[in-house]
1. What ranking do 156-165, 357-366 get when scored by the average of other Cβ atoms within 10 Å per residue, highest first?
2. Modelled label-to-label distance, residue 451 and residue 184, 7 Å Cα→beta-carbon offset: nm?
3. Just going by the charge dipole of region 281-370, with Lys and Arg at +1 and Asp and Glu at -1 on Cβ, which of 366, 332, 296 is farthest out on the positive end?
4. Mind giving me the nanometre distance, one decimal, between the label points for residue 304 and residue 283, set 7 Å out from Cα along Cα→Cβ?
5. Assuming R0 = 45 Å, what is the FRET efficiency of residue 293 and residue 29, from their Cβ-Cβ distance, to the nearest 0.05?
6. Could you order the peptides 252-259, 171-178 from most to least packed, using the average number of other C-beta atoms within 10 Å per residue?
7. What is region 52-175's relative contact order, in percent, from Cα pairs under 8 angstrom and six or more apart in sequence?
8. Which Cα, out of 225, 254, 147, lies furthest along the positive dipole direction of region 38-418 (beta carbon charges, K/R +1, D/E -1)?
Amino acid sequence: MRHALLLVSLLVPGVTAVAQDIRITGASWIQSIDLRPLRRDSVLRSATVADGTARRAADGQYVSCLDGGVYCTFLRSGERETTRPLMHDLSVAAWGIGEGISFHAHGRLRESLGGKSEVSWPRLNDRFDLIDAYLEVDRNAGRLRLGRQWSLGALGAYNYDGGSLALKRGWLDAEVVGGRALVQGLNEPYTSDEIGPVDDLPPESAAWMFGGQLRARPGMRTALSATYLRVIQDDRSGLYAERAALDASTRALGVRVTVNSAFDLASGILNEARVRGTRSVGHGVDVTLDVRRHRPFFELWTVWGAFAPIGFDELRGTTAWSSPDGAVLLSASGGRRQYDETGTGLQSIPLRNNGWRVAADASWTPGEHWLANASYGADIGFGTSQSDGNAGLTWRMTERAELGVSGSAVQTIYEFRVGTGRVLGLAMQGNWRVTDEIRLRADAGAYRHRLTNDALGQDWSQRRASVRVEWALGADPGAVR
């Protein structure tokens, strides 16, 4: 509660004195996670033997030997370390300040309950984040927001400090946004010290953003939208990003069709072009077909865009079935990707330029107290392959409490470093609604990395556990009194 009062004082200075109603919601999330950091080890070169172009130690471990070096090196799993991050989220909504006027804020505190790897968990050293905090004026003709907020749309989520104005007229509505830009997903300015430790070439100047979105709904079955966003350096000397998106959806001849596209105007690249069609064929069966062209997007300040990220074309189909009573849900999907030319590799041993994935999901609700689910997927792709499966059973003991158990198995090779082994997991989950405003969630699991066929590699076994408490104070503006 001490942390909650601290966050309220930071998020709502003076607003509580004039608001007629206030609702505060919070969540505290404690985790315990095992980590196996990689350690560099060495062995005498004289204790290794040649195996083609590589060398192996006496136990079969592949090692790296520099020319003329006495020692060869390799990576091994270090001793088990545990990190215990603790996070508090607090959201505040205050209304009744005036006609259509409200205040909203969301803050996050991070702490550590100890452990050897406190700095290993992302952003534990960044103790506080103000995720959003804005004043809103809502009228029939439109809405005005001022403060830290999110621009949500076809180009993703952009956090910024500034203003937004949304106007409505008939089946048209438009929104313009602008202000100081924050790095996507980081809630920090472009010159923040948070970027430097993870990027060798962080941006050198702050940024401003402005953009807008136009939406139209000419009929009950059709919707259209166009989005534009521009992020510039604060001295106007260059761009960080300039993007646009066009989206549409309609229903005709029983088929629901959606079209999505996104353009990187600064680089002249089409990042996304996607057409999806869904049709019900009767007897509880729905069929979906996806055709997609994708190429990753990077803002101009980061060096990753200079490596010409490889795009792909994809065709994917999904069939889903539900029983008449909704107790059984089944789905199966399959897709194939064709990757662009990489310009790398040996002509005699070309890199793979295609991939495919198949997946199946099932759920069964035999009664009001039980839910069973299972899924499996196999992925063969560009530089890596993977298969994963999981199954779970949930027991709804009462209207307020449920208990579940789940098992999982994951196998990956090449880029994800699990090698020829598998990661097997067993976990338990619990959910208890203590009161209408307090909920307790907990889970614990163990994951065992097993190498097969006497293969050598790093050990990625770990244990995880977490406890989450969610609570709320004050009236709910959406509830009927």
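1. Details: 156-165: 18.3, 357-366: 15.7.
Most protected by this proxy first, the peptides run 156-165, 357-366.
2. 3.8
3. Positive-most Cα among the choices belongs to 296.
4. 4.6
5. Values: r = 38 Å, r/R0 = 0.85.
The value I calculate is 0.70.
6. Numbers: 252-259: 12.5, 171-178: 16.6.
Per-residue Cβ counts within 10 Å, averaged per peptide and sorted highest first, yield 171-178, 252-259.
7. Working: 212 pairs, mean separation 18.8, N = 124.
Taking the mean separation of contacting Cα pairs over the length of region 52-175, I get 15 percent.
8. It is 254.
Where a number appears in this text, it was derived from the coordinates with a stated rule and is not lab data. If you're wondering where the values come from, they're calculated on a predicted model, not measured in any experiment. When we count neighbours, we look across all protein chains shown, and the Cβ atoms used for this are built from the backbone with ideal geometry, even at glycine.
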